[in-house]
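A.B. asks: Mind looking over this structure? Questions follow.
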Amino acid sequence: MKYTTLGKTGLKVSVVGLGGIPVQRTDKAGAVEIVKACMGQGINYLDTARGYTVSEEYFGEAIKGNRDKWIIATKSMSRTYDAMKADIEISLKNLQTDYIDLYQIHNIKTDEEFETCFGENGAYRALAEAKAEGKIGHIGATAHGLEAFERLIREYEDKIETMMFPYNIVENQADALMKECTEKNIGFIAMKPMAGGNLDDTKLALRYIFNNPDCTIAIPGMGNEEEVLSNTSEEIFQPLSDADKEECVKIRKELGSQFCRRCGYCAPCPQGINIPQNFLMVNYLRKYGLADWAKARYYAMEKTAKDCVGCGTCETRCPYDLPIREMLKKCAADMA
Ligand code: SF4
Ligand code: SF4
């Protein structure tokens with residue numbers, strides 16, 4: 001395993017971290033096995049979230065007795081002071097600790113969310129207070145859209161110590177902003193290193209990521225020992241060969257016409273459909289086998305794929321020329 005410093009947090013982290021979505025598919029005993037396998041391979045960073053159902057709880061159980069060997073990162077979708085304050089306490093309890101190393105504002109997006117979150121009674125104040133009280137060590141943020149990424153590291157660079165964003169072979173749209181993170185010493189955390197399960201050659205996927213010096217750490221979701229061993233093999237640190245680069249181009253071509261990168265350029269849909277969110281949920285269903293989890297979130301959305309009237313407006317805006325209407329039809333069928 002290789003280790004690095006997570007930007008201005010100063011935390012010494014393994015460059016491969018444990019992503020906390022797949023642990024939801026196991027049970028507490030399964031989580032213990034995954035955590036044990038990770039420790040055996042030198043992984044010392046785990047990422048979870050209030051939104052990942054039992055993930056925090058399972059990890060709390062799994063790291064019991066080894067708290068000092070882990071750097072714990074979690075996150076919350078709360079935007080107000082009271083809600084974030086409450087979530088921090090729940091995370092501490094779930095993770096069975098009195099200290100969380102990194103607490104992140106989860107998937108911030110709209111102007112309204114930014115205003116609330118960083119306003120007088122916003123979530124950020126609760127995080128800053130918790131930091132002053134020693135309940136959390138550092139504050140970070142996560143986003144899926146380039147605009148939010150840009151705002152976070154330009155308008156709030158004095159508040160944000162880490163930035164998490166999708167980065168993988170087919171989602172490299174944030175290259176320039178990642179470079180800016182390096183310049184500002186903001187630790188960059190690559191989420192979705194396997195493109196939401198769309199990349200079959202996982203070693204190549206990690207090799208691609210670690211060939212970019214602007215990526216500090218990648219957090220593949222791991223649900224068993226086999227995945228842990230694969231994601232920590234020596235091969236992931238090898239330089240990209242010419243054949244690898246050609247393969248990346250091929251993968252981009254293959255997935256390029258079928259794969260939503262969640263850039264958000266297609267918005268707004270006149271029918272109020274959150275297009276990338278629909279694709280994200282169906283991806284969890286298809287690739288991760290999280291049917292209940294994905295469907296619960298899918299049906300919690302006010303408008304879903306079935307509300308598409310086929311106007312085509314979104315397709316004129318998608319920089320990847322995705323056949324969005326066709327894809328939404330398949331999405332609605334899979335989610336039915
Ligand atoms: S084609 Fe469907 S999803 Fe796209 S903008 Fe029109 S209604 Fe919205
Ligand atoms: S459908 Fe296209 S424009 Fe919309 S988020 Fe996905 S990749 Fe971006």
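A.B. asks: If I take all pairs of Cα atoms in the stretch 296-336, what percentage of them are more than 17 Å from each other?
C.D. replies: 34
A.B. asks: On to the next question. Per the Kirkwood treatment, what hydrodynamic radius in Å, one decimal, follows for the stretch 221-331 from the mean inverse distance over all distinct Cα pairs?
C.D. replies: Radius from the Kirkwood sum: 16.2 Å.
A.B. asks: Still on this structure, I have one more. Accessible area per residue of the stretch 7-165 at 1.4 Å probe, in Å²?
C.D. replies: Accessible area per residue: 38 Å².
A.B. asks: What order do TRP293, TRP70 take when sorted by accessible area (1.4 Å probe), most exposed first?
C.D. replies: My answer, sorted largest first, is TRP293, TRP70.
A.B. asks: Could I ask something else about it? What percent of all Cα-Cα pairs in the chain falls in each 20 Å bin, counting up from 0?
C.D. replies: Final binned percentages: 31, 62, 7.
A.B. asks: To the nearest 10 square angstrom, how much accessible area does ILE275 have with a 1.4 angstrom probe?
C.D. replies: 10
A.B. asks: Okay, next question. Obtain the nm distance between the two label points defined at TYR99 and LYS12 by a simple spin-label model: each point lies 7 Å from its Cα along the Cα-to-C-beta direction.
C.D. replies: 1.5
A.B. asks: What figure in square angstrom, to the nearest 10, would you give for the accessible area of TYR99 with a 1.4 Å probe?
C.D. replies: 80
A.B. asks: Let me ask something additional. What percent of all Cα-Cα pairs in the stretch 90-226 falls into each 5 Å bin, going from 0 up to the bin containing the maximum distance?
C.D. replies: Going from the shortest bin to the longest, the percentages are 2, 10, 19, 20, 18, 15, 11, 5, 1, 0.
A.B. asks: Taking the alpha-carbon centroid of each part, what is the distance from the stretch 190-236 to the stretch 1-56 in angstrom?
C.D. replies: Centre-to-centre distance over Cα atoms comes out at 13 Å.
A.B. asks: At a threshold of 8 angstrom on Cα-Cα distance, excluding pairs fewer than six apart, so keeping six or more, what relative contact order does the chain reach in percent?
C.D. replies: Averaging sequence separation for qualifying contacts and normalising by length gives 15 percent for the chain.
A.B. asks: Something else now. Roughly what would the spin-label model give for GLU226 and ASP111, points 7 Å off Cα along C-beta, in nm?
C.D. replies: 5.0
A.B. asks: Heavy-atom accessible area of LEU11 with all protein chains present, probe 1.4 Å, nearest 10 Å²?
C.D. replies: 30
The values are calculated or read from the model by the stated rules, or taken from the named source; none is laboratory data. The shown structure was predicted, so the numbers you read here are calculated from the model rather than taken from an experiment. Heads up, the Cβs are rebuilt from the backbone with ideal geometry, glycines too, and the neighbour counts pull from every protein chain shown. Side chains included, ligands, DNA and RNA excluded: accessible areas come from the protein's heavy atoms. Shrake-Rupley method; radii C 1.70, N 1.55, O 1.52, S 1.80 Å.
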